[in-house]
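Here is the structure we will look at.
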Amino acid sequence: MDAAFFRIATPRNTALLFWSAFALYLLYTSYVPPGMIESRWLILLARTLFLLTIGLWINADGRAYKIERAWLGIYLAGTVIFPLVMFVLPIYLVHSRGWLGAAKSTVRFTGYLLLASVIWYGVVGVLEIFDIHEVGRLPSVFDRTLS
């Protein structure tokens, strides 16, 4: 069971899981009615999902870089508490890759984040062009010409 899980939970797959969770969160905040966005349970669920994906990535990446299990346990414990993640993740990157590797990883992540924002605003732009504002109602292209 353990070996089968870690064959699937590779650093690349867990990074894809993070970006998928990020995309779902953006869709949720953009197209869910305002009363539901402010629900504390859903915010807690989204935060927990992000922390889980970061923890899974640290675990998979740490195994790929052959980090000792004791250190992985410390890093995983640090990802459970939300404010600590901001300190644990950079420390983990420096520990696993060194200063130069951590800088490269940070630049790569920033590039992915920039690419995701360009794609996201492209999708939002297309939705604005076709005047899609409500969930479940996909207006016809001819709605604009008839009004």
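The values are calculated or read from the model by the stated rules, or taken from the named source; none is laboratory data. The structure presented is a predicted model; accordingly, all values stated were derived computationally and were not measured. Here Cβ is always computed from backbone atoms with ideal geometry, including for glycine, and neighbour counts include all displayed protein chains. Heavy atoms of the whole protein, side chains included, go into the accessibility calculation; ligands, DNA and RNA do not. Shrake-Rupley method; radii C 1.70, N 1.55, O 1.52, S 1.80 Å.
At-a-glance table
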item: Subset of segment 58-84 [in a helix (DSSP H, G or I), out of contact with any Leu (no Cβ under 8 Å at 6 or more places or on another chain) and among the hydrophobic types (A, V, I, L, M, F, W, C)]; result: 60, 64, 70, 71, 72, 74, 76, 77, 84
item: Selection count where residues are among the acidic types (Asp, Glu) and either closer than 19 Å to residue 25 by Cα or without any contact (Cβ under 8 Å) to a residue 24 or more places away in the chain (or both), scope segment 43-98; result: 1
item: Residue that is among the hydroxyl-bearing types (Ser, Thr, Tyr), at pLDDT below 85, part of a helix (DSSP H, G or I) and open to solvent by 60 Å² or more (accessible area, probe 1.4 Å), where the choices are 112, 121; result: 121
item: Residue check, residue 67 open to solvent by less than 40 Å² (accessible area, probe 1.4 Å), modelled with pLDDT of 85 or more and in contact with a Phe, Trp or Tyr (Cβ under 7 Å, 6 or more places away or on another chain); result: no
